[in-house]
1. Only one of (1) touching a His at 6+ places or on another chain (Cβ under 6 Å); (2) loosely packed, with under 14 Cβ neighbours inside 10 Å is not met by residue 112, so which one is it?
2. Can you tell which of 14, 26 is hydrophobic (A, V, I, L, M, F, W, C), touching a residue at least 24 places away in the same chain (Cβ under 8 Å) and in a strand (DSSP E or B)?
3. Please verify whether segment 33-42 includes one or more residues that are of a type in the set (S, T, N, Q), in contact (Cβ under 8 Å) with a residue 40 or more places away in the chain and either assigned to a loop (DSSP other than H, G, I, E, B) or touching a His at 6+ places or on another chain (Cβ under 7 Å) (or both).
4. Just name the residue that is farthest from residue 35 (Cα to Cα) out of those in segment 58-108 that are of a type in the set (Lys, Arg) and surrounded by 13 or more Cβ atoms within 10 Å (Cβ to Cβ).
5. Which condition breaks for residue 48 when tested against (1) out of contact with any Asp or Glu (no Cβ under 8 Å at 6 or more places or on another chain); (2) outside any helix (DSSP H, G or I)?
6. Test of understanding: among 11, 50, which residue is farther than 30 Å from residue 120 by Cα and at pLDDT 95 or above?
7. If we scan segment 28-43, do we find a residue that is surrounded by fewer than 16 Cβ atoms within 10 Å (Cβ to Cβ), among the basic types (Lys, Arg) and under 30 Å from residue 81 (Cα atoms)?
Amino acid sequence: MHEYSLCIALLGQVERIARDHRARRVARILLRLGPLSGAEAPLLRHAWPLAAAGSLAAGAELVIEAAPVVVRCTRCGAETEAAPNRLLCGACGDWRTRLVSGDELLLAHLELADIEPEVPRACASPSP
């Protein structure tokens, strides 16, 4: 199940962001997942609690938003949605298209909790 390894990689990214913002906990994670990403949403949801156990993200809500497949036609220039198994231009029907989106596994939003206040450095008193 490669979704577990994807969750481990996601956890590394989430923990770096949480530490950079001095958060003690991650409350919610929003992923944008395209149908051509190679990952399955139900398997990600199942693997996430195992990957996040004992981390800042343990217990965080994992929300997965489906991203549409969008193609740009090299013939007419239109940008349209397409079926994952049929990447045709929605405007002219041509098969010569380039993928714009639909293959992403993107960390779209992160909600952090229990943020530690920043201690001003100027307030530090010198040693006597």
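1. Condition not satisfied by residue 112: (2).
2. Among 14, 26, only 26 is hydrophobic (A, V, I, L, M, F, W, C), touching a residue at least 24 places away in the same chain (Cβ under 8 Å) and in a strand (DSSP E or B).
3. For segment 33-42, residues of a type in the set (S, T, N, Q), in contact (Cβ under 8 Å) with a residue 40 or more places away in the chain and either assigned to a loop (DSSP other than H, G, I, E, B) or touching a His at 6+ places or on another chain (Cβ under 7 Å) (or both): present.
4. Top of the filtered list is 75.
5. Failed condition: (2).
6. Testing whether each residue is farther than 30 Å from residue 120 by Cα and at pLDDT 95 or above leaves just 50.
7. yes
The values are calculated or read from the model by the stated rules, or taken from the named source; none is laboratory data. Here the structure is a predicted model, which means the values were calculated and not measured. Cβ atoms come from the backbone with ideal geometry, glycine included; neighbour counts cover every protein chain shown.
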